[in-house]
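Okay, structure first, notes after.
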Amino acid sequence: MKPKLISFTLCPFVQRAVIVLEHKKIDYDIVYIDLADPPAWFLDLSPLKQVPVLQVGEHVIFESAVINEYLDETYPPPLHPRESILRAKNRSWIEFGSACLGDAFQLSIKETEQEFIHFRDELQNKFDHLEKVVRATPFFNGTAFSLVDAGYAPLLQRLDYLAALVPDILNPARHPNINTWKNNLLKLEAVRKSCVPEIKTLYYEYLWKRQGYIVKFLDKSRYPQAVTKSIY
Ligand SMILES: N[C@@H](CCC(=O)N[C@@H](CS)C(=O)NCC(=O)O)C(=O)O
């Protein structure tokens, strides 16, 4: 049964699942919805009204980490480590990645410099922990690409875009392993194919629409001056 993924172009959580679909070369369909104006069928389908949702026949699976576990169990080769203790640790770090995505999102939309700095520091402090466990040779666990890599690539891609505006969002001197890991992940074909080609432009347009503190660093001449603030 060909899985169908319900997506929104800018969603990093959907990208986690697309990376696994692409890496495993699974035949899948993808349907994009507009989260600002979600269709009725989506609101019926998605219990949390969120993407990603994976439809497999009449079955509906939601939550990116759960979708990736399903894909990993169903389509060989397995991407999680074989040893149960390592698998459990990888799952813990995938959860941690979701918390980092939360900080990255907040720092990209908060309106004051103080709030921006707060979430930047939250993220840096979390990265102090992550730095100690990332091998980056070239992947999180070492040589094998695994679900935890798919869990972080969308975050690291967005941080790369944000750091192009405010360099100290990423700190290679403080987090050298994370920096190397980011560069290794962003080169992968599955990661490049996990989003629409115009993602960077769409991401900056999204920042502009949110009008957080960070838009101070965008080239204002490229965006409409009359802004209708939108959350999507
Ligand atoms: N914990 C969820 C988070 C998914 C999520 O936050 N999706 C956002 C888009 S990136 C969404 O659908 N937001 C719509 C809403 O919350 O109403 C996962 O890992 O799949």
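Could you go through the stretch 185-201 and let me know if any residue there is farther than 21 Å from V148 by Cβ, in a helix (DSSP H, G or I) and touching an Asp or Glu at 6+ places or on another chain (Cβ under 6 Å).
Looking for residues that are farther than 21 Å from V148 by Cβ, in a helix (DSSP H, G or I) and touching an Asp or Glu at 6+ places or on another chain (Cβ under 6 Å), one finds none in the stretch 185-201, hence no.
Looking at D121, D149, can you tell me which residue is assigned by TED's automatic domain parsing to the domain that holds N177, within 17 Å of the chain's Cα centre (by Cα) and of a type in the set (D, E)?
D149
Here are some residues: F8, F13. Which one is touching a helix residue (DSSP H, G or I) at 6+ places or on another chain (Cβ under 8 Å), within 12 Å of the ligand (Cβ to nearest atom), under 26 Å from E95 (Cβ atoms) and open to solvent by 50 Å² or more (accessible area, probe 1.4 Å)?
Result: F13 is the single residue among F8, F13 that is touching a helix residue (DSSP H, G or I) at 6+ places or on another chain (Cβ under 8 Å), within 12 Å of the ligand (Cβ to nearest atom), under 26 Å from E95 (Cβ atoms) and open to solvent by 50 Å² or more (accessible area, probe 1.4 Å).
In the stretch 31-62, what residues are free of Cβ contacts under 8 Å to residues at least 24 places away in the same chain, surrounded by fewer than 17 Cβ atoms within 10 Å (Cβ to Cβ), assigned to a loop (DSSP other than H, G, I, E, B) and within 11 Å of the ligand (Cβ to nearest atom)?
Hits for the stretch 31-62 are L48, K49.
For the structure I just gave you, tell me whether E22 is of a type in the set (D, E), closer than 20 Å to D149 by Cα and within 10 Å of the ligand (Cβ to nearest atom). Reasoning before the result, please.
Details: of a type in the set (D, E): yes; closer than 20 Å to D149 by Cα: yes; within 10 Å of the ligand (Cβ to nearest atom): no.
Here the answer is no, as E22 does not meet what is asked.
Among the numbered criteria (1) part of a loop (DSSP other than H, G, I, E, B); (2) under 21 Å from V66 (Cα atoms), which single criterion is violated by A150?
In the conditions (1) part of a loop (DSSP other than H, G, I, E, B); (2) under 21 Å from V66 (Cα atoms), A150 misses (1) alone.
Return the residue satisfying two criteria in turn: it lies in the stretch 124-135 and is within 18 Å of the chain's Cα centre (by Cα) and among the hydrophobic types (A, V, I, L, M, F, W, C), and of such residues it is nearest to E83 (Cα to Cα).
Here the answer is V134.
Within the stretch 63-73, identify whether any single residue is of a type outside the set (D, E), farther than 30 Å from F127 by Cα and open to solvent by less than 70 Å² (accessible area, probe 1.4 Å), and answer yes or no.
no
How many residues does the stretch 173-200 hold that are more than 25 Å from K25 (Cβ to Cβ) and basic (K, R)?
So the count comes out to 2.
Residues in the stretch 63-90 that are within 15 Å of the ligand (Cβ to nearest atom) and without any contact (Cβ under 8 Å) to a residue 40 or more places away in the chain: how many?
Residues in the stretch 63-90 being within 15 Å of the ligand (Cβ to nearest atom) and without any contact (Cβ under 8 Å) to a residue 40 or more places away in the chain: 3 in total.
State which residue is most open to solvent (accessible area, probe 1.4 Å) when the search covers only the stretch 74-110 and only residues that are closer than 19 Å to P12 by Cβ and of a type in the set (K, R).
The qualifying residue most open to solvent (accessible area, probe 1.4 Å) is R91.
The values are calculated or read from the model by the stated rules, or taken from the named source; none is laboratory data. In this text the structure is predicted, and so the values were computed from the model without any measurement. Neighbour counts are summed over all protein chains in view; Cβ atoms, including those assigned to glycine, are modelled from backbone coordinates with ideal geometry. Remember, those area values only see protein heavy atoms, side chains included, never the ligands or the DNA or RNA. Shrake-Rupley method; radii C 1.70, N 1.55, O 1.52, S 1.80 Å.
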